[in-house]
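K.L.:
Dropping the structure in here first, questions after.
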Amino acid sequence: ADITDCGDFYFKWEWVQDYCSPNNTSWKEVVDGNKIKNQNLVIRSWVPGDTFIPLGMNGHKKISDFLIDEKVDRFYKDNQFVLTANDEIIWVCGHRISNQVKVTSKTTDLAEISIIRKNTK
């Protein structure tokens with residue numbers, strides 16, 4: 001497993017053997033591991049102008065428009081993380097992965113990506 005410190009959160013990814021729904025949590029996703037292997041993964045806040053290809057779509061969508069469509073509260077919208085692989089957004093954390101990293105019938109290696117809130121006092 002690879003773990004990165006992100007302030008109040010940890011980002012973690014690890015290889016998994018089987019595809020299973022990540023326990024009904026939006027803070028975990030299973031993706032095509034070959035699409036993120038050997039990539040420079042960075043978790044950061046989104047910035048105006050950021051785009052990605054939401055799962056199930058073919059074209060790019062602005063993160064700002066995606067968050068409005070998802071009815072994300074303004075406070076949470078301002079504090080939204082994205083995960084990038086070589087500067088391409090592959091996950092709007094807690095919401096949706098990019099179509100580019102989805103699991104398909106050609107997927108041979110699976111990776112689980114997750115955001116974990118630190119215990120804060």
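The values are calculated or read from the model by the stated rules, or taken from the named source; none is laboratory data. These numbers come from a predicted model, not from an experiment. A quick note on method: Cβ atoms are made from the backbone with ideal geometry, for glycine too, and the neighbour counts reach across all protein chains shown.
K.L.:
Counting only residues that are more than 8 Å from the chain's Cα centre (by Cα) and not in a helix (DSSP H, G or I), which one in segment 72-83 is farthest from Trp13 (Cα to Cα)?
P.N.:
Among them, the one singled out is Asp73.
K.L.:
Quick check on this structure: which one of Val103, Val92, Val82 is touching a strand residue (DSSP E or B) at 6+ places or on another chain (Cβ under 7 Å), without any contact (Cβ under 8 Å) to a residue 40 or more places away in the chain and under 18 Å from Glu29 (Cβ atoms)? Steps first, please.
P.N.:
Numbers: Val103 fails: without any contact (Cβ under 8 Å) to a residue 40 or more places away in the chain; Val92 fails: without any contact (Cβ under 8 Å) to a residue 40 or more places away in the chain.
None of the other options fit; the residue is Val82.
K.L.:
Considering only segment 51-71, how many residues are farther than 15 Å from Gly94 by Cβ and either outside any loop (DSSP other than H, G, I, E, B) or more than 14 Å from the chain's Cα centre (by Cα) (or both)? Lay out the reasoning, then the answer.
P.N.:
Let us first name the residues in segment 51-71 that are farther than 15 Å from Gly94 by Cβ, namely 51, 53, 56-62, 64-65, 68.
Subsequent filtering for residues that are either outside any loop (DSSP other than H, G, I, E, B) or more than 14 Å from the chain's Cα centre (by Cα) (or both) retains 51, 56-62, 64-65, 68.
The qualifying residues number 11.
K.L.:
For segment 89-121, name all the residues that are exposed (fewer than 15 other Cβ atoms within 10 Å of the Cβ) and not in a loop (DSSP other than H, G, I, E, B).
P.N.:
The answer is Ile116, Arg117.
K.L.:
Right, something else. Give the residue that is surrounded by the most Cβ atoms within 10 Å (Cβ to Cβ), with candidates limited to residues of segment 20-49 that are assigned to a strand (DSSP E or B) and at pLDDT below 95.
P.N.:
Glu29
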